[in-house]
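*Asks:* Below is a structure I'd like to ask you about.
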Amino acid sequence: MHSFIQLSIVVLLLPLLSFVILIFFNRKLPRRGDFVGVGILGTAFAISATIFWQVVVQAYDPAFRVAWDFTWIDLGTVPGVGPLQIKMGIVIDNLTSIMLAMVTLISFLVHLYSTGYMKGDKNYGRYFAFLGIFTFSMLGIVLSDNLFSIYIFWELVGLSSYLLIGFFFEKQSAADAQKKAFLANRVGDIGMWLGILILYSQFHTFSFQEIYANLAAGKFGLSNGWLTAAGILLFMGCVGKSAQFPLHVWLPDAMEGPTPVSALIHAATMVAAGVYFVARIFIMLTPDALHVIAFIGACTAFMAATIAITQNDIKRVLAYSTVSQLGYMVLGLGVGAYSAALFHLVTHAFFKACLFLGSGAIIHATHHEQDMRWMGGLSKKMPWTFATFTLATLALAGLPLTSGFLSKDAILAGAIGFANVEGGGIFYLIPVLGFFSAMLTAFYMGRQIWLVFFGENRAHLKPADDHHHGHDAHAAHGGHDAHDLHQEDHGIHEVPWNMRAPLVILAALSLFFVYSPDPLDGARGWFMKMIPTPATVVGAANPQKGALLGGVAAPAHAAVAATTETHGESAAPAAGVHGVAAASHGEEKGIHTYPDPRQAEIIHAGHAAHYTAIYISSAMVLLGVSLALIVYVFGIIDPDKTALAIRPLYLFSLNKWYWDEIYDATFIKGSMALAKIFTWFDINIVDGIVNGVATLVRKFAFLNSGFDKHVVDGAVNFTAFTVNTTGAVLRKLQTGKVQSYIVMLLLAVFGYFVFYVTRMIH
Amino acid sequence: MDQLTTIGLNHYLTISALLLGFGLFAVMTRKNAIVVLMGVELILNAANINFLAFSKFNGGMQGVMFALFVIVIAAAGAAIALAIIINIYKIFKSVDVSSIDSLKE
Amino acid sequence: MSNSTYTVIFYLFAALTVGSAAFVVLTRNVIYSAFSLLFTFFGVAALYVFLSADFLAVTQVVVYVGGILVLLLFGVMFTNSIMIPGQKSEVSNLFFGALLLLGVTGGMLYTFSASPGWKISGKTLQGSIVELVGFETMSHYALPFEMVSILLLAALIGAAFLARFDNKGNS
């Protein structure tokens, strides 16, 4: 076993250890055992960082891959199918090692932060236990090399998110939110499981490598439509977990959980799982499936952005911005900008974690005030939080010099390239929605910064009866009395070091130089070089497919090996076959090695559109920022009057496009009506049948009892009578006297003796 | 006459048989539990004589050893039996074995 | 010791043994029975000496006469009012008892006389066997010896437990 595998198993099991220790012993440990969670996650991060360093920095090989598996369940040879076995395994490549480091780092920082934020909660120890199992589940998804174990950990993520979202389960809203999250995820997971089954029915394996090898060898027995369906069904899992339209409704409600948990869910663990999973199955997605994914991503990005601009709850704005950014990632994957999407996943994880932890710091400092309308002027009181929050906001908005700019720009460039290649008018909708969302992002984040940090403190303006209005997510927590304290602002102060340090670290990771030396081009950074777009194994309408892939023993390996050199400076020549000539661009010295011309064209067009994207997106971002400035800083446009002027649109956004109401009217009411019909059916028909059967049985029992009383009992009584009589006779022999027994015994012996002797004589 | 003057195995066996017979008779007929116990001891002695006689005329030690163990076990048995008899006496105020027939019902 | 003296002494002891055994059984007085049993045990011990089992003879005297007989006497004294002279013990099953006594004894004696005789080994036990008993006990019969000692211990404890006077009454 490779040492990386061993280390990764240790990393995987450490959070589980934390969970086991804390769930059972937290009351026996000092400080309710929080140091156990923090220490274990710190260790896990240290080991993950070692793996990251050795894999990404030292090996510096895009095709790096270490895998290990073992047979978990051997079903033997099944008649009609052949040998069946379920394998479990671990794969470590660049993506895995990056995700490993990211997840453990953010989880560690969240643990550390929570020691301050959750201090005094009555379930403090259990909270850390849940964080541990959440991290464990996510690491399991990241390390899995097959669909089956991914599915197992996928459900574990669902379970742990359920536990954490409903952590303040005494509150009705939290309990509802956790159910909503769980059910929405179930819907997605059913699709995902069906997708897994389609693939399993064809290849009898869950392993990614084997599935891709079989696909590339053209062994998929069904039509291409089924393959598309399998891809879309698998993507449904991502729709649920990563809160894509139309299953996004759970994520904003999940804000009922503790704020550090929101950071963990939105940055590292849960929503990242969906995008990561789509990346894992990326090479088996057909162009049709990719189109669906791209459109869903674009819709999600745009819709969430429009909702975010009118929300007042500081966490809800961030929640919708997460949905919007996840839409970007899914859009990126859909348009084939694979590296860019994963790049955005990582950069987003850091700055979004920073934003959530920052909002947690604000909520903590303002004694559980979540409504931005009653904040303001916090920049002087909380300089550290202000600085880090602003930096992360710039990254989220996508301003140059930040990490968010690099990744978002790469996605948008890919979208333009995609639209150019596909050529259809409808496909231009995707980049247009993307750019528009970028503008909205800049606008609502500018609004948030302004409302929270600048101007006068407006806490005293808060209506007295307003704190039961959805803004008391933490009223049940900590035993503080929010009702009295928010009237005065003298209670607001900077958070302690253990909450400040994660903010600083995460803010630092939101700067461009961590990822790329060029503040304008992420493709020149290590990340996009290490995560090249893999070649698809389903390249439909590719005349060269057979020739190209037939000659390679393990096509899935080839898929990784057949990498691209994104921009000119990369000197390392890619191993693999020479692909399509479509990509010979003047300024590129590298060799394009795509077996699939469509993919190659998209990548190439994406590079070509790079500067276009920069110009447009910068313009849009600046537009958004200036709009925010105009509205909220200079007051040239009064937001309230504008809202009145476009009241239908405003309400449409404020009420989140009425998705909850639509679902309530359709699915929930529909389920209820269906349940009523079933109840009627149950009472009148099923019960009727049951009662009829019962009547019959009673009649039969009546007959039976007659037979029993007369025939069976008669026989039994007769037997008893016989035994009784015999006993009465034999009883005379039982005198109870020892000596008569001896006499009888000796008589018997003597009789035998006589018998024996007479026989001997004869 | 020679048979009578040369002491052989049969002489011992005859004594043994007579002791056994008397022992059995005591066990069967006497009502006093103590005398029954004496009968048992007679039977055991008869057996011991048999063991030792066969051992003597066979030249081995098996019979001797067996007789030794029989004596030990007889002692243990006598102790237990007497304890039981005393208990019976305490309960029934009698050692008449024919009146102790509560096993009957 | 001449052969005839030997024979005479044997018959004396044989008669003592059988006669006292018969008296044990036939007398109705329990005390007489007990004292007559003393002579039976002595006679049997003497017969053991004739059978070259000197160690066994001594053991017989020590255990039976010194132990069991004393126990029996205690039993008699505990359970009978010996101060009433001439107390008799009852007899039952006299007919069957006599029949069986005669039948069993007669049958056995008949078998001895009728059977063609025993195949007597050329080598018989001679002299003292004390040393042999010691060797055998510690070699071949070590396990039975240990078991018997544990049994004896258990029996003694059990006897003491059964026979003790319980003030609370154990009916």
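The values are calculated or read from the model by the stated rules, or taken from the named source; none is laboratory data. Predicted, not measured: the structure shown is a model, and the values here were computed from it. Positions of Cβ are generated from backbone atoms using ideal geometry, with glycine treated the same way; all protein chains shown enter the neighbour counts.
*Asks:* Give the residues of region A:500-541 that are among the charged types (D, E, K, R), farther than 30 Å from A:ALA216 by Cβ and either crowded, with 22+ Cβ neighbours inside 10 Å or in contact (Cβ under 8 Å) with a residue 40 or more places away in the chain (or both), sorted by residue number.
*Replies:* A:ARG500, A:ASP521, A:ARG524 - these are the residues of region A:500-541 that are among the charged types (D, E, K, R), farther than 30 Å from A:ALA216 by Cβ and either crowded, with 22+ Cβ neighbours inside 10 Å or in contact (Cβ under 8 Å) with a residue 40 or more places away in the chain (or both).
*Asks:* With the requirement that a residue be under 16 Å from B:GLY60 (Cβ atoms) and of a type in the set (S, T, N, Q), what does region C:107-127 give you?
*Replies:* Selection gives C:SER121, C:THR124, C:GLN126.
*Asks:* Another question, then. Just to be sure I understand the filter: pairs with C-beta atoms under 7 Å, separated by 6 or more residues or on different chains, first member in region C:69-84 and more than 9 Å from every other protein chain (Cβ to nearest Cβ), second member at pLDDT below 70. Which pairs pass?
*Replies:* Partner pairs satisfying both residue conditions: C:SER81/C:GLN87.
*Asks:* Scan (1) surrounded by 14 or more Cβ atoms within 10 Å (Cβ to Cβ); (2) without any contact (Cβ under 8 Å) to a residue 12 or more places away in the chain for the single condition A:PRO79 breaks and write down its number.
*Replies:* It is condition (1) that A:PRO79 fails.
Here's the yes/no breakdown for (1) closer than 15 Å to A:ALA129 by Cβ; (2) not in a loop (DSSP other than H, G, I, E, B):
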residue	(1), (2)
A:VAL10	no, yes
A:LEU16	yes, yes
A:ILE21	yes, yes
A:VAL38	yes, yes
A:ALA46	no, yes
A:THR50	no, yes
A:TRP53	no, yes
A:PRO62	no, no
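*Asks:* Sticking with this one: For region C:16-26, state whether one or more residues are surrounded by 19 or more Cβ atoms within 10 Å (Cβ to Cβ), at pLDDT 90 or above and of a type outside the set (A, V, I, L, M, F, W, C).
*Replies:* There is at least one residue in region C:16-26 that is surrounded by 19 or more Cβ atoms within 10 Å (Cβ to Cβ), at pLDDT 90 or above and of a type outside the set (A, V, I, L, M, F, W, C).
*Asks:* How many residues does region A:221-246 hold that are assigned to a loop (DSSP other than H, G, I, E, B) and either free of Cβ contacts under 8 Å to residues at least 60 places away in the same chain or surrounded by 24 or more Cβ atoms within 10 Å (Cβ to Cβ) (or both)?
*Replies:* 6
*Asks:* Can you list the helices (runs of 4 or more DSSP H) found entirely within region A:645-696 that contain at least 1 residues being surrounded by 12 or more Cβ atoms within 10 Å (Cβ to Cβ) and of a type in the set (A, V, I, L, M, F, W, C)?
*Replies:* Output list reads A:647-654, A:659-663.
Here's the yes/no breakdown for (1) in contact with a helix residue (DSSP H, G or I) (Cβ under 6 Å, 6 or more places away or on another chain); (2) surrounded by fewer than 22 Cβ atoms within 10 Å (Cβ to Cβ):
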site	(1), (2)
A:TYR124	yes, yes
A:LEU139	yes, no
A:LEU143	yes, no
A:PHE148	no, yes
A:GLU155	no, yes
A:TYR162	yes, yes
A:ILE165	yes, no
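*Asks:* Report, by residue number, each residue of region A:361-393 that is closer than 22 Å to A:ASN498 by Cβ, touching a His at 6+ places or on another chain (Cβ under 7 Å) and not in a loop (DSSP other than H, G, I, E, B).
*Replies:* Answer for region A:361-393, where residues must be closer than 22 Å to A:ASN498 by Cβ, touching a His at 6+ places or on another chain (Cβ under 7 Å) and not in a loop (DSSP other than H, G, I, E, B): A:ILE363, A:ALA365.
*Asks:* Another question about this same structure. Can you pull out every residue in region C:44-55 that is at the interface with chain B (Cβ under 9 Å from one of its Cβ atoms), assigned to a helix (DSSP H, G or I) and touching a residue at least 24 places away in the same chain (Cβ under 8 Å)?
*Replies:* Of everything in region C:44-55, those that are at the interface with chain B (Cβ under 9 Å from one of its Cβ atoms), assigned to a helix (DSSP H, G or I) and touching a residue at least 24 places away in the same chain (Cβ under 8 Å) turn out to be C:VAL44, C:LEU47, C:PHE50, C:PHE55.
*Asks:* Checking C:LEU12 against (1) surrounded by fewer than 14 Cβ atoms within 10 Å (Cβ to Cβ); (2) facing chain B (nearest Cβ under 7 Å), which test does it fail?
*Replies:* For C:LEU12, the exception is condition (2).
*Asks:* What's the number of the condition A:THR104 fails, among (1) touching a helix residue (DSSP H, G or I) at 6+ places or on another chain (Cβ under 7 Å); (2) surrounded by fewer than 22 Cβ atoms within 10 Å (Cβ to Cβ); (3) not aliphatic (A, V, I, L, M)?
*Replies:* Checking A:THR104 against (1) touching a helix residue (DSSP H, G or I) at 6+ places or on another chain (Cβ under 7 Å); (2) surrounded by fewer than 22 Cβ atoms within 10 Å (Cβ to Cβ); (3) not aliphatic (A, V, I, L, M), the one that fails is (2).
*Asks:* Run A:TYR117 past the list (1) closer than 30 Å to A:LYS529 by Cβ; (2) buried (at least 24 other Cβ atoms within 10 Å of the Cβ) and report the number of the one that doesn't hold.
*Replies:* A:TYR117 satisfies all of (1) closer than 30 Å to A:LYS529 by Cβ; (2) buried (at least 24 other Cβ atoms within 10 Å of the Cβ) except (1).
*Asks:* For region C:115-130, does any single residue satisfy the condition of being facing chain B (nearest Cβ under 9 Å), basic (Lys, Arg) and more than 23 Å from B:ILE43 (Cα to Cα)?
*Replies:* Yes, some residue in region C:115-130 is facing chain B (nearest Cβ under 9 Å), basic (Lys, Arg) and more than 23 Å from B:ILE43 (Cα to Cα).
*Asks:* So, one more: Which residues, counting only those in region A:689-747, are small (Gly, Ala, Ser) and over 30 Å from B:ASP96 (Cα atoms)?
*Replies:* Of everything in region A:689-747, those that are small (Gly, Ala, Ser) and over 30 Å from B:ASP96 (Cα atoms) turn out to be A:GLY692, A:ALA694, A:ALA701, A:SER705, A:GLY706, A:GLY714, A:ALA715, A:ALA720.
*Asks:* With A:ALA473, A:ALA523, A:ALA540, A:ALA501 as the choices, which residue is among the small types (Gly, Ala, Ser), modelled with pLDDT of 80 or more and touching a helix residue (DSSP H, G or I) at 6+ places or on another chain (Cβ under 8 Å)?
*Replies:* One residue alone meets the criteria, A:ALA501.
*Asks:* Now, a different point. Can you tell me which residue within region A:32-69, out of those that are without any contact (Cβ under 8 Å) to a residue 60 or more places away in the chain and either on the phi > 0 side of the Ramachandran plot or among the hydroxyl-bearing types (Ser, Thr, Tyr) (or both), is surrounded by the most Cβ atoms within 10 Å (Cβ to Cβ)?
*Replies:* A:SER48
*Asks:* Helices (runs of 4 or more DSSP H) wholly in chain B with at least 3 residues that are surrounded by 22 or more Cβ atoms within 10 Å (Cβ to Cβ), within 14 Å of chain A (Cβ to nearest Cβ) and in contact with a strand residue (DSSP E or B) (Cβ under 8 Å, 6 or more places away or on another chain) - which ones?
*Replies:* The helices (runs of 4 or more DSSP H) meeting that bar are B:33-58.
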